[in-house]
Amino acid sequence: MTWVDPALRELVGSGTAPPSAMASELPMPVPVCLIENTQTEGLVVQQEALRVLSELTQPVVVVAITGPYRSGKSYLMNRLARQRKGFSLGSSVQSHTKGIWMWCLPHPCQPGHTLVLLDTEGLGDVEKGDTQNDTWIFVLAILLASTIIYNSKGTIDQPAMEQLHYMVKLSDHVKLKAAPKESQDELEDSEKFVLFFPTFIWAVRDFTLQLELDGKEISADDYLENALRLKDVGLSPSLRPVQISLQNLPTLEPIHTPNQLGKSTTAQARGTCSTSFYPTGNSREVQRYNQTRECIRQYFPERKCFVFDQPAHKRDLVHLEELQDDEIDVEFRQQLEKFCSYIWEKSPLKTIPGGYIITGNLLGKLAETYVETIRSGAVPCLESTVVTLAETANAAAVKEAVTLYRDLMEQRVKLPTETLQELLELHKQCEQEALELFMARAFKEGICSSQTELIRQVEAVKEKFCTDNDQASRDKCEAALRDLSQVTERRISDGTYNVSGGYQLFREDQQALVEKYQELPGKGVKADAVLQEFLQSRRSLAESILSTDLSLTEKDKELKSEQEHHERAEHKREVQKKKEAEDKQKSQDRLHTCQAHTVRLRQKLEDQHAKQLTEHRRMIVHKSKEVDMLLRDGLHDKAVHLREVTYRLEEESSHITDEIMVWMRILIPILLGLAFVVLRL
C-alpha cells in the first residue's frame, strides 16, 4: 500500500488538501460496504470489500465503532481517517449507515501495517423493529475488531447501560469451543471471552457534567470505572459490614496485581486475610443494574473512556463535516486530538485465539465465515473459525514465503556464480528469511502439510536457479571458447597444421587457448565441463593432424596418442570428481533444509506455547483483580465464584503445556518424514 507524504497527510487531516491529491494518494479514497444489511437477505458480505481485503497481506489494526443511531459515530471515524468526509454522516433523525462500512488506510504510526476502520449501523433504530439484527451487528463488530468504540451521548448512567444490553447477549451469540461442555465443572465459554475480545473504549458525546467525585477531580477513566461499580442489595444505614475470612477460597499461587487504589494486592489461597462485605440478596432490580456492568468488567479488562463537549452550536451540527477547525469548539478539538492519538498509538493488532496475527486477507475470510455462520442460523465459534482460517492462512503463508524466496534470490544471485557453494549459501540465507515469514504467518493447525509444500516449492525454485546457473555458465564458457579458438580455426582452414611439426604447433596453440580460458574470470560452475566437451570435440581433429605429421615416426604418434588419451581421461576424472562433490553439497544442503525446518517448527510450537500461557496468565491476573474489586464492593458471593474460576484457569495452564508436548511429539516426526520424501534424501 502506498504511503502518504507527511506534509500531505497533515493537509488531509485538516481537510484542506485538494480532493484530487487525497484521492490519488489514498489506497481507498472512500469507504466501501463490507457487510450489507438487506431487508430481503439479511446480512451479506460484499465482494468488492473482499477483493480489497484480499490484496492486503499486511497485519491489520481494526477499529470498529458501534452505538445508538444518530450519535455521531461516523464523524469520529472520519477524523480517525484524518479526513472530514468519508463515512456518511447524514443530517436527519434517521439512521444513515446501514450494515458495516470499511475504510482501509496506511497506519499513521506503524509502518507496514494497515488501519481498518469499521463504521457500523446505529443500534436501536425504531424504524428497523428488529433487535436481533442489532445484536448481530454488535456481535460482528466485537468479533472483527481489535479495538471497539462504543459511542453514546450524555452520561454513563443506567439508561445508557440499558442501551448497551447487547453485552448481556454475547454469551448466547458467541462460542469459544465447538464441542459442548463435558462436565459441569468445565468453565463457560464466556469466562474466557477476555482472551479474544477487543480493547473497549467508551466515547461519551455532548458530555456536560464536571469530572468530579466526592468533590475531587477525576479522569474520564475513573468516571467509567465508577460507573461500572456493582450494586449490593439490601444496603441501609442500619446494616453493618460483616467480617469474612478468605481461608475457604480455592488455593492459588500468589498473583501480584495493582488494584484501583494503587496498592499492591495478593490473591492468596486459604490465607488469613479478611475483608468486609454487606449481605446480598436476589433483587431483580439490582441484577438488572449489575448485568451489563458485569459483562463489561468481565469481557474487557482493557478499557478506556473519552468524553467530548458538543463540537459546535446546534445550528451548525447539520453540516459539521464542512466546518473549518476554527469553527469547532476548542475543547472538542483538544478532546478529539487526544482520542485520535490514543487510537493510532495504542490500538493493538487484530489477533485471534492462539495469538495469530490477522492480515487484510484473513480479515475478509473472518467476515465471510462469521456472516455465513449467522445466516445458517448457527452461532459463530472461535475454535471452528481458527480451523477454517488455518487452511487459508497457511496457503497464503506458503505463497508469500515462496514469493519472498524467489524475489530475494533474484536480487542477490548474479548468474553465473563462480561455484555451486556460492549459490547454495545465498539459497540458505533466502530460504531462512522465507521460512521466518512462513512461520510468522502460519497457523499451527495443518502446519506440517503446508510446511512440506513450502519445502517442495522452494526446492523447485532452487533447482530452477541451479539449472539457470548451469546454463548461464555454459553459455558464457562456450562464448569464451569460440572467441579464443578463432585463431586456431583460421589456421586449420589455412592448412597451417598440415605440415611436418604441425601436431606440435597445434598442441601448443591448444595449450595456450586452455591457459587463456582458465585465466578468464566469472566462467561459473560449468567451466571444467564445457572445456572437457570442447577438447573432446577436437579429438578427431587432433588425431587427423597427428596422423599427417611427417616429422613423427609411427612410434612417436602412438606415444602422443596415448598421452593425449591419458590427459583426456584425467580431465574427465577431475570433472566427475567435481560433479560428485557438487552432488554431495546439494545433499548436505537438503539435509540442512530438513534440520532448519525442524528447528523452526519446534520454535514455532514453543512460541505458541508461550503465547498461550501469556494469554492465560493475563486472563488470570484480570480475574484476580476483579476478585479484589468485588470484595472491595462487598460482593462476597461473586468474589468466591470468580476465585473458583481463577483456580480452574490455573489448572488449565498445566494442560496447555501437556498439549504442546503432544503436538511436538506428533508434528516433528511427520514433518521430517515428509521432508525426506520431498527432498529425496
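The values are calculated or read from the model by the stated rules, or taken from the named source; none is laboratory data. Computed from a prediction, not measured in an experiment: that's the story for all the values here. Here the Cβ positions follow ideal geometry from the backbone for every residue, glycine too, while neighbour counts run over all protein chains shown. To get the accessible areas, we keep the full protein, side chains included, count just its heavy atoms, and leave off ligands, DNA and RNA. Shrake-Rupley method; radii C 1.70, N 1.55, O 1.52, S 1.80 Å.
Taking the average, over residues, of other Cβ atoms within 10 Å as the packing measure, peptides 445-458, 573-586, 474-487 rank 445-458, 474-487, 573-586 from highest down. Measuring with a 1.4 angstrom probe and ignoring ligands and nucleic acids, Leu631 comes out at about 10 Å² accessible.
Coupling constants for segment 468-483 follow from the phi torsions by the Karplus curve (6.51 cos²θ - 1.76 cosθ + 1.60, θ = phi - 60°), and in residue order they are 5, 5, 4, 5, 4, 5, 4, 4, 5, 5, 5, 5, 5, 5, 5, 5 Hz; glycine and proline get x. Note on segment 586-625: Kirkwood hydrodynamic radius from all Cα pairs is 12.2 Å, rounded to one decimal.
For the set Thr392, Thr359, the ranking by accessible area, highest first and with no ligand, DNA or RNA atoms included, is Thr392, Thr359 under a 1.4 Å probe. A convex hull fitted around the alpha carbon atoms of segment 371-524 yields 140 Å³ per residue. Excluding same-chain neighbours fewer than eight residues apart, the aspartates and glutamates reachable from Lys523 by a Cα-Cα span under 16 Å are Glu418, Glu422, Asp468, Asp470, Asp475, Glu478, Asp483, Glu515, Glu533.
Cross-link partners for Lys625 among the lysines, with Cα-Cα distance under 17 Å and sequence neighbours closer than 8 places in the same chain left out: Lys192, Lys263, Lys304, Lys638. Only protein heavy atoms count here; under a 1.4 Å probe, Val499 has an accessible surface of about 70 Å². The value obtained for segment 501-551, namely the Cα convex hull volume divided by the number of residues, is 49 Å³ per residue. Computed over protein heavy atoms with a 1.4 angstrom probe, the accessible surface ordering of Arg288, Arg375, largest first, is Arg288, Arg375. Summed over the residues of segment 151-220 and divided among them, the accessible surface reaches 51 Å² per residue at a probe radius of 1.4 Å.
So how far apart, in nm, are the two label points at Lys181 and Glu567 if each is 7 Å from Cα heading toward Cβ? Distance between label points: 9.1 nm.
Pairs exceeding a 24 Å alpha-carbon distance, out of Lys444/Lys623; Lys476/Lys578; Lys462/Lys572; Lys462/Lys611; Lys462/Lys579; Lys464/Lys584: Lys444/Lys623; Lys462/Lys572; Lys462/Lys611. When the Cα atoms of segment 482-584 are aligned to their principal axes, the ranges along those axes come out at 48, 29, 18 Å in descending order. For segment 609-672, pairs of C-alpha atoms spaced more than 18 angstrom apart make up 50 percent of the total.
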